[in-house]
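Visitor: Handing you this structure, nothing more for now.
No value in this document is a laboratory result; all are computed from the given coordinates. All values derive from a computational prediction rather than experimental measurement. Cβ coordinates were reconstructed from backbone atoms using ideal geometry, including for glycine residues, and neighbour counts include every protein chain displayed.
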Amino acid sequence: MLRVVYGPFQPDLEQAFLAHLRELQKSGQGPVVIVAPSRRLADRLQRLAVVDGNLALFDFQFHTFYSLAETLIAQEGRPKGRLISDPAFHDRVVDALLEDHPESAALFGGAAARPRALAAALRASLRDLIAAGVRQEEVAEHFGSDLLADAHEGRRLNSLLKLAAAYEKRLEDLGLISPSGLTRLATQACEQSRWLAGLRSVVYYGFYDLTGLQLDFFEAVVAQSKATLFFPYRRGHPAFRFADALFEQKLLRHEAVAAASPGTSRAVGPALEGLFLGGAHGEVAPGALEFISASGTRDEVWAAAKEILSLVESGFCRFDEIGVVARTLEPYRSALAEVFEENAIPFDLAVGEPLLRRPLAKFALNLLALRRRDFPAAVVADLLGSPYFARRPPPRVLRHWRLAVERLGIHAGWLQWRKLESFD
């Protein structure tokens, strides 16, 4: 059973979330699972509940979709395969598949000498197809050869679907499981899961979009438990139009109520309220708002650059009257400089690079936080091989040390590091 509470993140949704946690505290026994789309947001919710809400959450677990899938599978028994998430390993699997399927490599520009980045680029596409739940046989059944009019593009799509099936089969043959495979296994385990049935409640917070596999997992969980979703959404507001489809097609099947407004607003509340609204009564003026979809960071910047050129060349405005806004600049920084320079667009990226982009600053932070983070193996290895130490181990010694750490299964924690004392 699912109940949906929707509204803007702050303050409506956060206050409704805190009120719900207070109710759950009084409602009885059993674990409560809180699921957020990212670890950062899960940490934010935990701090909100404990520090701002002054709640003692002794039987409350904070998860991401991925960690919830891991926990559910662990409670029901180990997965049928070893979970490996190292991108370099999966790139090598794709590279081996291209060797076995040279016709596919030829379609993507790598017949004679494959570019080094081809495997990584294809793996990203395979990951997206698998995460979306797209399967070759289902595409053939529902669309046949009519999905793409261009014959060459149709061959490329069919080859990509074939590689996705071969990729999953290769992992299965190796006794391995991918993150998408873990989500699929967790979905299958929900119906018979005694752990899931024993939860007092499941609380989802903050997601506004899901992949196909994530949506299947979400629906399987809420079908077996008492669940509440706090969904960032305002009905009829153009700023939330991107979430209309998920809300209207999936969430409105369940009970859905708007979060009560606490009557307070942030300092920028009025500006945010009018950001996407044009007319006197809040309606959007024709042509005032346009949505453009893009496939990635660079394509987003490219689309923005072409829109800027169109606005300037049409005489609508000048370059110095245009601003480009992103949730965070970090993923776009290099693409902005490259694409805007290619299109001769003058720009001022006034915000400097984050301090932690500088190697010395990152080294200093890792060194200062080493004990607090309980000596993670990867960070210790980076520190030992750092050029910022005047004296560091020779490369041969460092290689042997890394090998010992790997063989002993050291990940973090001082007790794990003590295994080195008896290593021969």
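Visitor: Given a Förster radius of 35 Å and the C-beta distance between A260 and E191 as r, what FRET efficiency does 1/(1 + (r/R0)^6) yield to the nearest 0.05? Write out the running numbers ahead of the final one.
Guide: Details: r = 35 Å, r/R0 = 0.99.
With R0 = 35 Å, the Cβ-Cβ based efficiency is 0.50.
Visitor: Gain in length, L174 to R402, computed as 0.36 nm per residue apart minus the alpha-carbon separation, to one decimal in nm?
Guide: 79.6 nm
Visitor: Quick one, can you get me the convex hull of the C-alpha atoms of segment 339-424 expressed as volume per residue in Å³? Write out the running numbers ahead of the final one.
Guide: Values: hull volume 13.8 nm³, N = 86.
It comes to 160 Å³ per residue, whole-number rounded.
Visitor: Which of the lysines could a cross-linker span from K362 if the Cα-Cα distance has to be under 23 Å and same-chain partners fewer than 8 positions apart are dropped?
Guide: Output for K362: empty list, no partners.
Visitor: Nearest 0.05, what FRET efficiency do Q75 and A223 give at R0 = 22 Å with Cβ-Cβ as r?
Guide: 0.80
Visitor: In nm, to one decimal, how far is the modelled label at Q10 from the one at F242, with both set 7 Å along Cα→Cβ?
Guide: Simple spin-label model gives 1.8 nm for this pair.
Visitor: Starting from the Kirkwood radius over alpha-carbon pairs of segment 179-264, derive D by Stokes-Einstein at 10 °C in a medium of 1.306 mPa s and give it in µm² s⁻¹.
Guide: Values: Rh = 14.4 Å.
Diffusion coefficient, whole number: 110 µm²/s.
Visitor: Can you give the extra length, in nm with one decimal, that the chain gains between V51 and R235 once fully stretched, where that is 0.36 nm per residue apart less the Cα-Cα distance?
Guide: Full-extension gain reported as 63.1 nm.
Visitor: Ok, one more. Highest mean first, what order results for 122-135, 305-318, 186-199 on Cβ atoms within 10 Å?
Guide: 122-135, 186-199, 305-318
Visitor: How much FRET efficiency would the formula 1/(1 + (r/R0)^6) give for E321 and A361, where r is the Cβ-Cβ distance and R0 is 45 Å, rounded to 0.05?
Guide: The calculated FRET efficiency here is 0.80.
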